[in-house]
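Take a look at the structure set out below.
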Amino acid sequence: MERAEIEAFLALAEELHFGRAAERLGFSTGWISQTIQRLERRIGAKLFDRTSRRVALTSIGARFHDDLRPGYEQVRRALERATEAARGFDGLLRVGFLGASAGQFLLETARVFRAAHPSAEVRIQELQMDTCVTGLRDDTVEMVLNTRPLAEPDLVAGPVLWSEPRYLAVSSRHRLAGRAEISLEDLADVTLLRMPDNAPASIADDRVPSRTPGGKPIAHAPAVSTFMEVLGLVGADEGAFTVDGQVTRFYLRPDVAYVPFADAAPIAWGFVWRAAHETARIRAFNETAVVLSRSFSWR
């Protein structure tokens, strides 16, 4: 039996009126009548007694209804659950983040998302500088809240959620530490710690350029894997590193100074996910974050 035939029979069996059954399904009365006749020919017995004044189930029709309705409801519920799962709201969403500011925002986004989609579970996981993109590609997480710019063909970068002013982290003993602000040209006087080797080239080039805008070469130190390594090495005056403004709220240390750039673009934040694994759940979570970012206040 086709689904249309089942629904036509059940509608007529419960409404006992061709007009109401047709209205319920959004079809014509002629289609309902033809479908029932076709079904009766297939079964080999009348399912309804119908006159110009009334419609009633036959004994075979009544038994057929009683047998068919529970199975149909089970199939209907299964289809609804599968459709909901395909839309992506039911089940687990694994979201990674990098840094304290992103973690704070992500926790609030997850709270708002769960309230809107109670059947969805959100699992939050902190990532490191060397795992924030590999975590997507090895399916550790499905989304990552990370910085920009990002230009990877297999990844989707969602809208920018917020931006932070750009700073240079230097040892508190470094000669730049006492400056009120610096220029990108001052990068020629420091050694920049390199991003992890597996970092996206677009982000690595933005944070650790090889030359200043004026063409002066910039020295590079060995690569780091985590931000705690960055802070330790900077504090020991083993190198400097480009950071964003959230570090001045969450990562204060007596041996590290954060000096703002006067002429550098801010650092933007947003979600990233794999294009091939995009679901409605990912899109809905990102949209929740977009709305929240308009009014979120960091503490």
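The values are calculated or read from the model by the stated rules, or taken from the named source; none is laboratory data. Just so it is clear, the model here is predicted, and its values are computed rather than measured. No Cβ is skipped: glycine too gets one built from the backbone with ideal geometry, and neighbour counts run over all protein chains shown.
Just for strands (runs of 3 or more DSSP E) wholly inside the range 239-292: which have at least 3 residues that are out of contact with any helix residue (DSSP H, G or I) (no Cβ under 6 Å at 6 or more places or on another chain)?
On the way: elements: 241-244, 256-260, 267-274.
In the range 239-292, the matching strands (runs of 3 or more DSSP E) lie at 267-274.
Could you list all residues from the range 92-132 that are farther than 13 Å from PHE285 by Cα and assigned to a helix (DSSP H, G or I)?
ALA100, SER101, ALA102, GLY103, GLN104
With (1) surrounded by 14 or more Cβ atoms within 10 Å (Cβ to Cβ); (2) basic (Lys, Arg); (3) assigned to a helix (DSSP H, G or I) as the list, and LYS46 as the residue in question, which single condition is left unmet?
Tallying (1) surrounded by 14 or more Cβ atoms within 10 Å (Cβ to Cβ); (2) basic (Lys, Arg); (3) assigned to a helix (DSSP H, G or I), LYS46 fails exactly one: (3).
Can you tell me which residue within the range 161-175, out of those that are buried (at least 16 other Cβ atoms within 10 Å of the Cβ), farther than 13 Å from VAL243 by Cα and of a type outside the set (S, T, N, Q), is nearest to the chain's Cα centre (by Cα)?
Going through the qualifying residues, I end up with LEU161.
Can you tell me which residue is surrounded by the fewest Cβ atoms within 10 Å (Cβ to Cβ) among those in the range 110-152 that are among the small types (Gly, Ala, Ser) and within 21 Å of PHE296 (Cα to Cα)?
Result: ALA115.
Quick one: is THR191 modelled with pLDDT of 95 or more and either closer than 17 Å to ARG166 by Cβ or not hydroxyl-bearing (Ser, Thr, Tyr) (or both)?
No; evaluated as a whole, the condition is false for this residue.
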